[in-house]
There are 6 protein chains.
Amino acid sequence: MRPSRRQVDELRPVSLERGVVKYAEGSCFVKFGDTHVLVTASLEERLPPWLKGQGRGWVTAEYGMLPRATSERTRREASAGKQGGRTVEIQRLIGRSLRSVVDLVALGERQITIDCDVIQADGGTRTASITGAWVALADCFTWMKARDMFKGGEPMRDHIAAVSCGVYKNTAVLDLDYAEDSEAETDANFVMSGNGNIVEIQATAEKTPFSEEQFLALLALARKGVGKLIDLQKMAVA
Amino acid sequence: MRPSRRQVDELRPVSLERGVVKYAEGSCFVKFGDTHVLVTASLEERLPPWLKGQGRGWVTAEYGMLPRATSERTRREASAGKQGGRTVEIQRLIGRSLRSVVDLVALGERQITIDCDVIQADGGTRTASITGAWVALADCFTWMKARDMFKGGEPMRDHIAAVSCGVYKNTAVLDLDYAEDSEAETDANFVMSGNGNIVEIQATAEKTPFSEEQFLALLALARKGVGKLIDLQKMAVA
Amino acid sequence: MRPSRRQVDELRPVSLERGVVKYAEGSCFVKFGDTHVLVTASLEERLPPWLKGQGRGWVTAEYGMLPRATSERTRREASAGKQGGRTVEIQRLIGRSLRSVVDLVALGERQITIDCDVIQADGGTRTASITGAWVALADCFTWMKARDMFKGGEPMRDHIAAVSCGVYKNTAVLDLDYAEDSEAETDANFVMSGNGNIVEIQATAEKTPFSEEQFLALLALARKGVGKLIDLQKMAVA
Amino acid sequence: MRPSRRQVDELRPVSLERGVVKYAEGSCFVKFGDTHVLVTASLEERLPPWLKGQGRGWVTAEYGMLPRATSERTRREASAGKQGGRTVEIQRLIGRSLRSVVDLVALGERQITIDCDVIQADGGTRTASITGAWVALADCFTWMKARDMFKGGEPMRDHIAAVSCGVYKNTAVLDLDYAEDSEAETDANFVMSGNGNIVEIQATAEKTPFSEEQFLALLALARKGVGKLIDLQKMAVA
Amino acid sequence: MRPSRRQVDELRPVSLERGVVKYAEGSCFVKFGDTHVLVTASLEERLPPWLKGQGRGWVTAEYGMLPRATSERTRREASAGKQGGRTVEIQRLIGRSLRSVVDLVALGERQITIDCDVIQADGGTRTASITGAWVALADCFTWMKARDMFKGGEPMRDHIAAVSCGVYKNTAVLDLDYAEDSEAETDANFVMSGNGNIVEIQATAEKTPFSEEQFLALLALARKGVGKLIDLQKMAVA
Amino acid sequence: MRPSRRQVDELRPVSLERGVVKYAEGSCFVKFGDTHVLVTASLEERLPPWLKGQGRGWVTAEYGMLPRATSERTRREASAGKQGGRTVEIQRLIGRSLRSVVDLVALGERQITIDCDVIQADGGTRTASITGAWVALADCFTWMKARDMFKGGEPMRDHIAAVSCGVYKNTAVLDLDYAEDSEAETDANFVMSGNGNIVEIQATAEKTPFSEEQFLALLALARKGVGKLIDLQKMAVA
């Protein structure tokens, strides 16, 4: 029934390739099927002005799409002169999600910037970004530990990963690709941690409001998908 | 236990005052306690370029805060030269929520712009905005009906209203004010329709991930709060 | 003869409501007929860089119109990405006018920002803004005095208020509303102080140049109108 | 008494040199003492969108200062990414003033843009700009007449010129240079037409409000100065 | 002598991988050693306004660097709100170079946009971009030919490729990497065509002016390097 | 054969007028025929942040065109809100060229900004700007020496001047005017120093790639032209 012939609870093929950019303290090229995102983690020994002198660090994210990541060429935001609303929304989500599992005091007065650049988009770019960002961030922490930069213990408290679910042709399905996403009645993104708790839910009725029952079906699928993604993260960083 | 001495499932005093700006086709001054938002609905006989000639209309929203709506003066976005990420996120949410209950074909090839301007902010500006926006939009439709502008039947398919819930001092509470919001462990905004269905959920772990159980407690409170808000909308437009 | 049936030297009903925004150190909701402006005064213990260390403070103003303050919706300046020429001109006028009656040395090294946001516009928004701004500023000074913040004496040296006059259907009239303003041959804004002196004159031939005689008639009307406005300010702050 | 040893009612040496840029339909290099402004008039067979199809044309102005027109280098507005408030205010004044003596219907559906670029600034750049702009515009009309472009008669209805006056060391003086302007208690710009009428007054209390008597003294000086400037315009275009 | 131990006339390992982005009409992932650039060619059936109705098409280019393509993270241009001077200069060079070998009339009234996004930068990003852009453009033309889109014959008239040369430690060397580039006395970029002619030279004295003799040595190296690059292009598209 | 009837190796009449703006530390009004550029050099006792504390100064340049410097009015960059690509490219070239003959250590921790504003454009504005900029910079250094500001010896190490050459109707010609430039097959700008060395070459195939032979003919012409321009500089500053 799904255009990709996947089972309703089946993820696309996922890969998490580490160390893909030689300069970055951590990096991951993440693929969820035909959605490809390059994620880097950059450590800087400076903080945004409003955070100085508080004894803790910061993790933030920026997101972008290459102009031809999409079926039709999308205008380059640098040339348009500003980031669109969707971009801003996604990069805020990525940063917020990562911070929920980072001990900012243990990190110390430093900033880590996660850059997520979409090379090819086929639905789920934000969930792939978050899932890959965790790997890049973990590698950045490893890099820092090797240089003995943490006095206050391990800053990474848990895994997080993200997946989208939706109601497609009246059925709850896991990990929507673009063909499904553009037709779905409801679209929800779930960010969850390794201990099974919820970090963020963004659920939207694309066409008509949905019932609590439908929502709980999506949540159950998400839990299953995130569990598998976290297993893949564990294998990647092992 | 709550700073405002409210019960855990108690809304702040809510008022929905209609017809407050003489030029607008619909308007509502909405108060959720000390959160005050002026909402107007403006009808324009033109569409965004990408929507022309498709036989349907559009509902969109813009959001702003007056500089001194907040405890400390916030920089005016018009003078900063751009809308911040939070503003963009909120106005996209308001527009999307309203569209989920509007029949855009029945509306015809016209655009309605909902402007939500926060006069005073004490937590929950986005949920107050959505709740008031429904009233302003309903009045705009009444204005249009009086001019016999709908050929294809009633464009408003249902009520929507919104409320925030959160985990505050380890307890699920309804309709957070600023004092609670700034301390909450988890913050969730729910937009629901008159038939009890869900339009949008945005749930965020402010500090640490939350459990599914906690989330369901918030959802139950939200359902109760939205029910009361919709009753108030019905009284307002009666 | 006037669309509003007012006498040539008759102001619209004016009201000056204080204390309308709970956070601001001073605020005033000013109405000149259907022109409604919300004014707040915000005290900040910081100065623009070019003024630091000179032993004196600063009073500045920002002006904005809500999108549906006007008969047709006006584009939101924050979304357009810049303030228009008219906005800039008006906010410079408001700031300059207020500074002419403030002893900046007595104020001390602090900045007060006056925000004038037009809720509904029916002509004379800049004159209503200035008249209300004086009240908000006076309340801000009262707030500061209550906290013993002035070492160098009273910073407010006099009242100021403002009114527009114009030549409408060949007759000089006081306090133009929009219906008159859009038809007037000449339009002049006068800012005057409590001792009857002039703070600012901006007189413009909308269609054809005007004579000195006509100008003096406008000036006489303005003096009368400003006198009444200052009486109302005195009652408001009493 | 004046730093320049001029009489109180004495203009600086004024020159109006025509035809200084080979491409422009009209141009004038105007000097008021050490204030030097290059003005060009550019004819374009197109109109701003909001004016199309109304059977009349438009005259507008833009103003700029070269970065080193001033004693200290001023930041280039093109590199700052926007025009400052003072620039916007001045260019609106120039355009408005010129339109008050142009018959826009006689002009036909065309736009003339007046560019005023300050090469060297020593006070009075806006009044020099307006005075020179009239010459550039007159030459542009001559160019158009030579090509038989006016069906509806002569579009220029009268001369206009502008001069500043101020209260300097308690005395009313004509045509302030920078040394006077920066010390003046009151500063007023007057735009007047050839028949002795007023086009625009912008009078500002720089330090303390001024009396009606003082204002009338400035107006009398302005009338004298503008008379001389218009004589010079007549000689220039003869 | 060279940090990379290459011969003075030795290119870095070069690879040209085609078809790397599934949506683009042509694409190439080009590597000059550690400099990696993703190039896509996007066909659009529209033209910039100034080119409409002239019976010919357009080829243009945009260039960007991912924030962590560099040793230190570079600010994202989309978030800075504008493209820097270096970016603008490079993308103009790429577009101009490609147009020198394209028959725009044969292309027809269409635009091809070449996007060059630098994934990793180690010197020579502009020369790698041009060399890879030719491949992406050639593939785009092949795609179009397969759809019978050319009535007026083959639009590609010749190969072009580009390479940098420089005077490093007083010796002329080919294809500078970053370690050399940052130390070079002179830096020159050469774009040449398949028939051995010159498309563009940009030669810059980084520290002190250079002699004609030195320049001719660089030109000779460039000719050799470009010859090899064009051989590689031929193999890639074969 | 040339539209201006010049010999192939003949410059346009060149003049270099010094001291044209009273405030600037150095200035030059340079004319290459009908191309007129006003150049000023502004000394500031501050440095860009990235250069602080390194014991050396900086020379930078900004370039602009007055809107009616061109045959058709060009949009004012300050009002467009950004500098175009061509502007950025030219101002980077001017700054880079001047720095190649300045001893930045001898200059000391100061910045000199060269402003090149084109009053009238008839081809070759960048080469005229560089040639005049050298004169303005030399005068600025003279001004500084008179104030004994150089401890470390003379900062100006040599002359530089610039000229364009091109292939016009199949013949190499010197110093293209606009009529030639718009028709030329190849266009090259050469910046050279007083000792005959090369500072910068920018050669572009406007229509088709050019041969090495053609390029060498242009280079020979440039050498001749720059020699004459440097003679004129020497006479100007004598």
*Could you count how many residues in region F:13-28 are over 10 Å from F:THR40 (Cβ atoms) and surrounded by 21 or more Cβ atoms within 10 Å (Cβ to Cβ)?*
2
_Tell me yes or no: at least one residue of region B:95-106 is at the interface with chain C (Cβ under 10 Å from one of its Cβ atoms) and either in contact (Cβ under 8 Å) with a residue 40 or more places away in the chain or charged (D, E, K, R) (or both)._
no
*Odd one out for B:GLY55, checked against (1) open to solvent by 50 Å² or more (accessible area, probe 1.4 Å); (2) more than 11 Å from every other protein chain (Cβ to nearest Cβ); (3) not basic (Lys, Arg)*: (1)
*Checking C:LYS82 against (1) farther than 24 Å from B:GLY85 by Cα; (2) open to solvent by 30 Å² or more (accessible area, probe 1.4 Å); (3) within 8 Å of chain B (Cβ to nearest Cβ), which single condition isn't satisfied?*
(1)
_Here are the criteria: (1) crowded, with 17+ Cβ neighbours inside 10 Å; (2) hydroxyl-bearing (Ser, Thr, Tyr); (3) under 29 Å from E:ILE198 (Cβ atoms). Tell me which single one F:THR113 does not satisfy._
(3)
*Regarding A:LEU232, is this residue free of Cβ contacts under 8 Å to residues at least 24 places away in the same chain and under 21 Å from B:PRO209 (Cβ atoms)?*
no
*Residues that are within 11 Å of chain B (Cβ to nearest Cβ): which strands (runs of 3 or more DSSP E) entirely in region A:140-238 hold 3 or more of them?*
A:186-193, A:198-205
_Please verify whether E:ALA69 is at pLDDT 95 or above and either of a type in the set (Gly, Ala, Ser) or closer than 22 Å to A:ASP115 by Cβ (or both), treating the condition exactly as stated._
yes
*Complete set of residues in region C:92-146 that are of a type in the set (Phe, Trp, Tyr) and over 24 Å from C:LEU11 (Cα atoms)*: C:PHE141, C:TRP143
*Considering only region D:185-216, state which residues are over 21 Å from the mean Cα position of the chain (by Cα), open to solvent by less than 20 Å² (accessible area, probe 1.4 Å) and without any contact (Cβ under 8 Å) to a residue 24 or more places away in the chain.*
D:ALA205
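A quick yes/no check of all residues on (1) under 30 Å from C:GLY81 (Cα atoms); (2) basic (Lys, Arg):
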| site | (1), (2) |
| --- | --- |
| D:THR74 | yes, no |
| D:GLU77 | yes, no |
| D:ILE90 | yes, no |
| D:ARG99 | yes, yes |
| D:GLN111 | yes, no |
| D:ALA121 | no, no |
| D:LEU137 | no, no |
| D:TRP143 | no, no |
*In region C:26-58, which residues are in a loop (DSSP other than H, G, I, E, B), charged (D, E, K, R) and more than 18 Å from the chain's Cα centre (by Cα)?*
C:GLU45, C:ARG46, C:LYS52, C:ARG56
*Assuming D:ALA61 fulfils every condition listed in (1) in contact (Cβ under 8 Å) with a residue 60 or more places away in the chain; (2) assigned to a loop (DSSP other than H, G, I, E, B) apart from one, which condition is it?*
(2)
*Does A:ASP187 meet the test of being modelled with pLDDT of 95 or more and of a type in the set (D, E, K, R)?*
no
_Going by what's in this entry, would E:LYS151 be described as under 30 Å from E:GLU44 (Cα atoms) and without any contact (Cβ under 8 Å) to a residue 12 or more places away in the chain?_
no
*Taking the stated definitions as given, is F:PRO48 farther than 26 Å from F:PRO155 by Cβ and either touching a Pro at 6+ places or on another chain (Cβ under 9 Å) or not hydroxyl-bearing (Ser, Thr, Tyr) (or both)?*
no
*Of all the helices (runs of 4 or more DSSP H) wholly in region F:75-123, which have at least 3 residues that are of a type in the set (Gly, Ala, Ser)?*
F:77-80, F:85-99
_Close pairs (7 angstrom Cβ cut-off, 6 or more residues apart or separate chains): on the phi > 0 side of the Ramachandran plot in region B:28-52, open to solvent by 10 Å² or more (accessible area, probe 1.4 Å) anywhere_ = B:GLY33/B:ARG12; B:GLY33/B:PRO13; B:GLY33/B:ASP122; B:GLY33/B:ASP177
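A quick yes/no check of all residues on (1) open to solvent by less than 50 Å² (accessible area, probe 1.4 Å); (2) at pLDDT 95 or above; (3) over 14 Å from the mean Cα position of the chain (by Cα):
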position	(1), (2), (3)
D:SER129	yes, yes, no
D:ALA138	yes, yes, no
D:PHE150	yes, no, yes
D:ASP158	yes, yes, yes
D:LYS169	no, no, yes
D:SER182	no, no, yes
D:LEU218	yes, yes, yes
D:ALA236	yes, yes, yes
*Do we have C:SER164 as open to solvent by 10 Å² or more (accessible area, probe 1.4 Å) and under 20 Å from C:ALA69 (Cβ atoms) here?*
no
*asked:* Given the criteria facing another protein chain (nearest Cβ under 8 Å) and surrounded by 19 or more Cβ atoms within 10 Å (Cβ to Cβ), does D:ALA69 qualify?
replied: yes
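The values are calculated or read from the model by the stated rules, or taken from the named source; none is laboratory data. Everything numeric in this text was worked out from a predicted model, so none of it was measured. Neighbour counts run over all protein chains shown; Cβ positions are idealised from the backbone, glycine included. Keep in mind that these areas ignore ligands, DNA and RNA; they rest on the heavy atoms of the full protein, side chains included. Shrake-Rupley method; radii C 1.70, N 1.55, O 1.52, S 1.80 Å.
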